[in-house]
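Structure, as structure tokens:
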Amino acid sequence: MVHDSVVRIGLVLPDVLGTYGDSGNATVLLKRLEWRGIRGEVVQLGVGDPVPNSLDIYLLGGGEDRAQTLAVSHLTEHPGMQQAAANGAVVMAVCAGLQILGEDFTGSDGVTHGGLGLLDVRTTPGSSTRAVGELLTLPDKELFADPMTGFENHQGHTQLGASARPLSRVVYGTGNGEGHDGAYQGHVLGTYMHGPVLARNPAFADLMLTWAVGSPLAPIDIPAISQLRNERRRAVQQMANRRKRLLRF
Amino acid sequence: MVVGGFGNLMAESVRVDDRWLMDRASTGVDEVSTAQGGDLPARTAAAVVAGNLAAKLSKVAGGGGGIIGGRVTLALDPNALGRLCRDRTVALVTGTNGKTTTTMMLARAMSVLQPVATNHSGANMPDGLVAALSTDQAAPLAVLEIDENYLPKISDAVQPAVIVLLNLSRDQMDRVGEVRHTERNLRTAIARLRDTTVVANCDDVLVTSAATEADSVIWVSAGGNWRGDSTSCPRCGMRVHVCVTDGTVTDWYCDCGFRRPTPTWAVREGLMTTPSGECFELALRLPGSANEADATLALAAATHLSVPLKPALDRIRTITGVGGRYTTVSRNGRIVRILLAKNPAGWAETLPLLREDTSRPIIIAVNGREADGRDLSWLWDIPFEQLAGRQVLATGERSADLAVRLTYAGVQHTHVPDPYQAIDGVDPGSVELVANYTAFRDLKSGLSNGA
Ligand SMILES: [Zn+2]
């Protein structure tokens, strides 16, 4: 896609959708650009601020029910992100953010709210127990190869329609609730993974940056990240062993 | 008051047990008073005896003692907490950060008047409270630290004279749910109470929302460096506008009409202003603005309960450490100052302390056990970027998460998972050790036992 010399990253409504350190996703993207000598910039788009349609990447984090309805009404009133997505900009949303990108979502009070319609998914309250814990998945082969690791904390059950593809297949954890985690449709991506997800999954971060920059990026090897990924994978393996469960890779 | 012969007999046993426990109490109880317990209902008295016995047996077996005893007492008499508080003046202290410190400060201040029962050890759930109250039944005053998620249950049971509400921010999210949910539960609980005065930090938006429901509120401008959890209004969800003058929050409001109340007490840079407009230098021996905030809230509560201000402040000034915090421990020529920071708000108060002497190495210890919260994503809400240029070591059971965070913060660091090796890895001299909950607890006891 066409962009000027600066990759502009929008942190969408961090004041209401930023419960779980998800703003760290912007930090990760910015740093991975900087390490490659590419200029980047993070734009905070708070409640009440207009949403420009000129950014390269839009990030949405987790939040609670009320924050979701507030976010939908704000983003409907200021549709810059949806306009940008229609032109190929990258949108990545976590947890509550994933849910509002969908066609609709039903809160814990049983009320169904219309979503932003960027992803063909619908979310309803899942089982009575919250899905809380490590989530380990294998991404869609079209995207990248490395397994995904994150921490989920939600009660939503997300079903995909015909236009959306699952982001990854669950090896350990709950995810959407039907054996997959998240969804993607073009350059719009959603996941239940906190952690933040891009800190734990550099391949996912680089996929988004490659889309935004429009050309392949030099690989970066950071031993600390490999060590964290291995450690989280071992932790999941131990939990699975304790529950006498086999991990299906 | 119905006390039969059986009750009196039980009371005798209680006294013996209490002495046994007092002698062995590992946490310093300020005001040791002889337990009498003669006016407890028989069922509670019997339950307390059984609980104390269980505590004793647990200690003999090498366990923690008190909490087990509290658990037994509660199992035998679910209303024990209310009964143990019935004839006392009770102050509850709750909030995310500073509970233990403020409880100790308020207990010291209240001890100007009469003996105070208190839970010093951070045992702030119902079993811990029953344990503390059972071992000190004669004290007419009680100052109790309460886990914020247990406050509704406990305030219903004890009908406190005062609740001190310090601050509310995200902590251990995967375990207890979101802070806004906590605020709504506190709000409902406070609305149910009659004749309770809430002493609340009006610079904290979430605290203000919960405290507003009280029959009577004393507002304290206690400041706070962390506002990440209250940028949206707890009443309507819109953005809260914050007015900042010279780096200090002076006012906040929401378009829905919810806004900062006018405080009667305030503290800034060590100077406290009272409702009469008098100004005092706090001159605490504990460092940092968080302790000054806690002291001011404690003094507002104490004076409301008729303690004269000056002796109350004098007692608070005698505190030099709280559960091992801020104290220094030596190990192989390293003089280690141990600081507790278990969430972004705690870190916001800790970062200024680390600037006191920029030549000191900083060791950061992070665990991710149940009590810490297993989700470490809060590390990304801390501006570790400020530590760039310092000597930093990442340690603890989840130091791999910290190492990645520091890498992205542009902070050069050494990753040494074993905390003792990390301490030995810096040059002899002063070193700062910042640890989250279980890391702090384990290192505090390990270092003081010469590990
Ligand atoms: Zn409002």
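Summary table
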read-out	value
Output for the stretch B:117-154, where each listed residue is part of a helix (DSSP H, G or I) and closer than 19 Å to B:Thr44 by Cβ	B:Pro126, B:Asp127, B:Gly128, B:Leu129, B:Val130, B:Ala131, B:Ala132, B:Leu133, B:Ser134, B:Lys153, B:Ile154
Count - residues of the stretch B:238-270 that are within 16 Å of the ligand (Cβ to nearest atom), under 28 Å from the mean Cα position of the chain (by Cα) and modelled with pLDDT under 90	2
So B:Tyr437, is it out of contact with any His (no Cβ under 6 Å at 6 or more places or on another chain), surrounded by fewer than 24 Cβ atoms within 10 Å (Cβ to Cβ), among the hydroxyl-bearing types (Ser, Thr, Tyr) and within 13 Å of B:Val336 (Cβ to Cβ)	no
The stretch B:253-272 residues that are within 16 Å of B:Val220 (Cβ to Cβ), paired with ones that are within 12 Å of the ligand (Cβ to nearest atom) and assigned to a strand (DSSP E or B) (beta carbon under 6 Å, 6 or more apart)	B:Arg260/B:Trp252
Where B:Val179 falls short, out of the listed (1) within 16 Å of the ligand (Cβ to nearest atom); (2) within 14 Å of chain A (Cβ to nearest Cβ); (3) touching a residue at least 40 places away in the same chain (Cβ under 8 Å)	(1)
Residue selected from the stretch A:42-67 under the condition at pLDDT below 90 and out of contact with any Ser or Thr (no Cβ under 9 Å at 6 or more places or on another chain), by the criterion surrounded by the fewest Cβ atoms within 10 Å (Cβ to Cβ)	A:Gly48
First in the stretch A:123-149 and in contact (Cβ under 8 Å) with a residue 40 or more places away in the chain, second anywhere and among the acidic types (Asp, Glu) and surrounded by 17 or more Cβ atoms within 10 Å (Cβ to Cβ), Cβ under 7 Å, 6 or more apart	A:Ala131/A:Glu152; A:Gly133/A:Glu152; A:Leu135/A:Glu152; A:Leu135/A:Asp181; A:Thr137/A:Asp181
Residue identified as within 23 Å of B:Arg170 (Cβ to Cβ), in contact with a Leu (Cβ under 7 Å, 6 or more places away or on another chain), assigned to a helix (DSSP H, G or I) and more than 14 Å from chain A (Cβ to nearest Cβ) among B:Leu353, B:Leu402, B:Leu379	B:Leu353
Output for the stretch A:40-76, where each listed residue is small (Gly, Ala, Ser) and not in a loop (DSSP other than H, G, I, E, B)	A:Gly40, A:Ala67, A:Ala71, A:Ser73
Where B:Glu370 falls short, out of the listed (1) within 21 Å of the chain's Cα centre (by Cα); (2) surrounded by fewer than 17 Cβ atoms within 10 Å (Cβ to Cβ); (3) more than 13 Å from every other protein chain (Cβ to nearest Cβ)	(3)
Scope the stretch B:105-121; condition farther than 19 Å from B:Arg86 by Cα and under 17 Å from the mean Cα position of the chain (by Cα); matching residues	B:Met105, B:Leu106, B:Arg108, B:Ala109, B:His120, B:Ser121
Unique match (being modelled with pLDDT of 95 or more and within 16 Å of the ligand (Cβ to nearest atom)) among B:Ser221, B:Ser209, B:Ser216	B:Ser209
Every residue from the stretch A:73-93 that is more than 10 Å from every other protein chain (Cβ to nearest Cβ) and buried (at least 19 other Cβ atoms within 10 Å of the Cβ)	A:Leu75, A:Gly80, A:Met81, A:Gln82, A:Ala84, A:Ala85, A:Ala89, A:Val90, A:Val91, A:Met92, A:Ala93
Unmet criterion (only one of (1) within 14 Å of chain A (Cβ to nearest Cβ); (2) part of a strand (DSSP E or B); (3) surrounded by fewer than 23 Cβ atoms within 10 Å (Cβ to Cβ)) for B:Leu393	(3)
Near pairs, Cβ below 6 angstrom, 6+ apart or cross-chain, from the stretch A:172-194 (closer than 20 Å to A:Ala85 by Cα) to any residue that is surrounded by fewer than 24 Cβ atoms within 10 Å (Cβ to Cβ) and among the hydroxyl-bearing types (Ser, Thr, Tyr)	A:Gln185/A:Ser163
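Yes or no, residue by residue, for (1) surrounded by fewer than 24 Cβ atoms within 10 Å (Cβ to Cβ); (2) at pLDDT 95 or above; (3) closer than 19 Å to B:Ile190 by Cβ; (4) not assigned by TED's automatic domain parsing to the domain that holds B:Ala301:
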residue	(1), (2), (3), (4)
B:Thr89	yes, yes, yes, no
B:Thr94	no, yes, yes, no
B:Thr100	yes, no, no, no
B:Met104	no, yes, no, no
B:Met110	no, yes, no, no
B:Val116	no, yes, no, no
B:Gly122	yes, no, no, no
B:Thr135	no, no, no, no
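Residue-by-condition table, conditions (1) more than 19 Å from A:Met92 (Cβ to Cβ); (2) surrounded by fewer than 21 Cβ atoms within 10 Å (Cβ to Cβ):
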{"site": "A:Ala145", "(1), (2)": "no, yes"}
{"site": "A:His154", "(1), (2)": "no, no"}
{"site": "A:Leu167", "(1), (2)": "no, no"}
{"site": "A:Lys244", "(1), (2)": "yes, yes"}
{"site": "A:Leu247", "(1), (2)": "yes, yes"}
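Results for (1) under 21 Å from B:Ala341 (Cβ atoms); (2) more than 14 Å from chain A (Cβ to nearest Cβ); (3) away from the ligand (no atom under 16 Å from the Cβ), shown as yes or no for each residue.
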| site | (1), (2), (3) |
| --- | --- |
| B:Pro234 | no, no, no |
| B:Ser276 | no, yes, yes |
| B:Leu297 | yes, yes, yes |
| B:Thr303 | no, yes, yes |
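The values are calculated or read from the model by the stated rules, or taken from the named source; none is laboratory data. On a predicted model such as this, the values are computed, not experimentally measured, just so you know. Don't worry about glycine lacking a Cβ; one is built from the backbone with ideal geometry, like all the others, and counts go over all protein chains shown.
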